[in-house]
Structure formats: structure tokens, C-alpha cells
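Trainee: The structure is given below, and queries will be raised subsequently.
We did not get these values from a lab; they are worked out from the coordinates using the rules stated. Here the structure is a predicted model, which is why all the values come from computation and not from measurement. Please note: Cβ atoms are built from the backbone with ideal geometry, for glycine as well, and neighbour counts cover all protein chains shown.
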């Protein structure tokens, strides 16, 4: 699965792709497929902490000023969605960019679906006003399905990982609230669909079936 995620990131063609992992089997799988992987310490509290450690190894001189954190459970993500995550960073006031999609029926009441509150005003980029697992709006704007992909300015990532967990982050178990609670600005790009994520063995089987369908369609 991680190799498929690496391939989607490579297809996005926005810069070098490096997999950061504490598991030696993941590093070996990516390397065997022709990718680059960096071993990181186990025990990181978030993916952001892990990519920051890896960044010190792969780009110690600071050649890259934007870092995209793509989670390893999205083997079917559209590379166009990865590219879309860079769009909000065109505004220099934006510290961190992320993705959102319209909610499906019933998702507003599901605590497993993280909601992003924003006012897109008919556009495709908006400032994230709040994040919540609940249905009640904690701020203005409307609720959207938050997609956990982040594009950090390098300085913003360094600041983020230096901050202690915030009250909001602890309450909701959402690391992005650490940034908002610290006054950092997160903007979201609106995309057409939520990428299929793999969280259970059943999800994995469905992902395999969808991948086979896509391969068969490409061969026709």
C-alpha cells in the first residue's frame, strides 16, 4: 500500500518524494520499488513530527521551502488533489495548506469524519476557521469533510513541531488545532472528492479491488 501512495505522490510531480517511516519493512519496500525512504525514530506523536525529522536528513541545507505531508493510507488519492494542496500557499499569509471536500449525507453527525469549517464564498480556497469532530459549528462558515493532507511552509513546520500540544488538540485529538490555537493560519483548497482511505482489512480489500479496476480500465 505504501508503494502505491509513493507512486501517487510521484505522479503529482511537485518535487522530490521521500517516505519517512519508523518501520524497517516500509523502508525496504519503498527502496525495493525504486523510491527513497528515510528511517525515523519510533514514538513520534504525529506525522508532522516524523516528516520534520526526515527533512533534517534529506534537505539539511533548506533548498525546499514547502513540505507536503501525505499520509500512507491513501493509495487511491488523485495526484491532482496533492497538487491542489499547494494552491493556498500562493497567499503569503497562509502558514499551512490542507484539503476539504463537501460532506456526504450523514457525515456531519459522524465523529469519525473530521469537519473543517470555512466560507469558500463560491471559490476554491478559504481560510480554515475551525476543525471539529462534532456537528455543532464552533465558528462561522459551513462544514466540509477535512482531508488530512498538509502542505507546510518550512518555517511553519519548524514552529509547529516546537509547540506543545494545545488544549484544543488534546480535547479533539486533532493535531491541526495546535496550529490554530497558536495563531497560525491554515487555508484549505476545495477538491471534488474525498480520497478512499484504508483503515481496516475490509478497506484494504476494497482498495485492492478498486486498483484492479483502474488497471483493467487503463489496459483497454
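Trainee: Which value, in Å³ per residue, describes the convex hull spanned by the Cα atoms of region 2-219? Could you put the intermediate results ahead of the total?
Mentor: Values: hull volume 30.8 nm³, N = 218.
In region 2-219, the Cα convex hull volume per residue is 141 Å³.
Trainee: Follow-up. First check a/c for region 1-97, with a ≥ b ≥ c the square roots of the eigenvalues of its C-alpha gyration tensor; if it is under 1.5, answer rounded, and if not, answer prolate when a/b is larger than b/c or oblate otherwise. Please report the intermediate quantities before stating the final value.
Mentor: Values: a/c = 1.76, a/b = 1.26, b/c = 1.40.
Oblate, since a/c reaches 1.5 and b/c is not below a/b.
Trainee: Further question on the same structure: Using alpha-carbon positions, what is the distance between the centroids of region 154-218 and region 1-63, in Å?
Mentor: Using only Cα atoms, the two centres lie 16 Å from each other.
Trainee: On to the next question. Which peptide among 26-39, 100-113, 8-21 comes first, and what is the full order, when sorted by highest mean count of other Cβ atoms within 10 Å? Walk me through the numbers before you get to the answer.
Mentor: On the way: 26-39: 16.1, 100-113: 14.1, 8-21: 17.9.
By packing density, highest mean first, the sequence is 8-21, 26-39, 100-113.
Trainee: Right, another one. Projected area of region 121-220, taken from the Cα convex hull and averaged over every viewing direction, in nm²? Before the final figure, lay out each step's value.
Mentor: On the way: hull surface 37.9 nm².
Mean shadow area of the hull around the Cα atoms is 9.5 nm².
Trainee: Another question about this same structure. Pairs of alpha-carbon atoms within less than 8 angstrom and 6+ residues apart define the contacts here; what relative contact order does region 2-219 have, in percent? If you can, show how the numbers build up before the last one.
Mentor: Details: 370 pairs, mean separation 48.4, N = 218.
For region 2-219, the relative contact order is 22 percent.
Trainee: Of all DSSP beta bridges in region 2-219, what percent run antiparallel (nearest 5)? Display every interim value, and only then the final one.
Mentor: On the way: 19 of 28 bridges.
Of all bridge pairs located within region 2-219, approximately 70 percent are antiparallel.
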